[in-house]
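What follows is a set of notes on a single structure, which appears directly below.
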Protein chains: 2
Amino acid sequence: MVTATERRERQRAERHQLIITAARELAESEGWEAVTTRKLADKVEYSQPVLYGHFANMEAIRDAVAIEGIAEMAEQLRAAREAAPASEGVRAVCTAYLAFAAAHPAAYQAMFTLPTKVKFAHAETPAPLRAAFGEIVSAFGPFDDRNAALAELIWGSLHGMAVLLRSGRIPEAAQEQRLDLLIALFANAPA
Amino acid sequence: MVTATERRERQRAERHQLIITAARELAESEGWEAVTTRKLADKVEYSQPVLYGHFANMEAIRDAVAIEGIAEMAEQLRAAREAAPASEGVRAVCTAYLAFAAAHPAAYQAMFTLPTKVKFAHAETPAPLRAAFGEIVSAFGPFDDRNAALAELIWGSLHGMAVLLRSGRIPEAAQEQRLDLLIALFANAPA
DNA sequence: CACAAAAATCTAGCGCTGCTAGAATAATGT
DNA sequence: ACATTATTCTAGCAGCGCTAGATTTTTGTG
């Protein structure tokens, strides 16, 4: 009976996603330190060991949230870039990046701050991550070494701004001017 | 008897520093997740409750390591800036910043990544932190709004580079060119 | 020096964590 | 209808941050 196996696998995949969604919701509402195996098991209405049937450990669950978040961000960067004229591509992508970080702080943390097993600049780098990086590069132009370098650099700057803002280490107040200045600097990039 | 009290206070201060140093060493050698009250108490050869006579909780111990690290970094930024010609001030400070982050990753984490009660852009901002920020501003020139904004921005960029490098999220390979590019961008800053 | 008061320190334990072995239950194929 | 297999749960381990209360050490006084 093939359909029985298929149904089981489908239900398993559904529960897999359920765990990821529950972990993400819990993290966004109460912070990652509140995402414990017991609370998460409670939320998905299974016992703790079921979680371990889907993920090796809690870190793997966080990584799954990270990948999901990266895919979402890639999509939002793409939409923002395509909606803007080419001359405003960098600004559109930067704004969308910071908006995502502010709107989904816990997901953002899983993506770029918490320890992770996700491979970033590597042969095994997951497709959504490549896509997100590609969107930043595209804001500068075709995918070449120079634009990739600019993309890495502005990513670093945006990430720094995002986390220092989030933790209150730089003030929210002048954020708009700060972003304007960043974009102006990158617009004047020497060849 | 005044001397007895004085001696007690001196010994207490010594032990206070001993705890900070032990926590920092443990964090640098085994990571912050290994800095537990039990291991730390073991290392300083006291029982756990003694730690709580000096610090409210583990977070306060991390914050103490953070402040110590910030003071050290401020000193190293100052030394680097003063040793370089004014035209190379920004490069000197950037290089020293990234060198500190690479040399003391656990301290750096306590300073700028882990949750903290340390006030950054605030009336209660501790002196060493003001000093460190002041060093970055000085690399750009006198302390005015524009140079402060540039300092905040390049701090964000450096921090982003530091943490993304540390976690393997951007490759070590092109780091030198990346830094050159960053400095070039800031050198071309519009008025 | 002897001894009560005060200060310093430790032992032991609470409720939590991530994780897992083995028991109990449910679904499956004959 | 029943044995087999797959699934899920109960119960527990070792370690976590933190603290109440017992114990030891130090202090100041007669």
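Per-structure values
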read-out	value
Top-ranked residue of segment B:134-191 - restricted to ones that are facing another protein chain (nearest Cβ under 8 Å) and among the hydroxyl-bearing types (Ser, Thr, Tyr), ranked as surrounded by the fewest Cβ atoms within 10 Å (Cβ to Cβ)	B:167
Residues located in segment B:117-133, provided they are farther than 22 Å from residue B:95 by Cα and open to solvent by less than 50 Å² (accessible area, probe 1.4 Å)	B:118, B:120, B:125, B:126
Qualifying residue in segment B:82-96 (condition: closer than 21 Å to residue A:167 by Cα and not assigned by TED's automatic domain parsing to the domain that holds residue B:22)	no
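The values are calculated or read from the model by the stated rules, or taken from the named source; none is laboratory data. Note that the coordinates shown come from a computational prediction; the quantities given were computed from them, not determined experimentally. In this analysis, Cβ positions are derived from the backbone assuming ideal geometry, glycine residues included, and neighbour counts consider all displayed protein chains. The accessibility values were calculated without ligands, DNA or RNA, using every heavy atom of the protein model including side chains. Shrake-Rupley method; radii C 1.70, N 1.55, O 1.52, S 1.80 Å.
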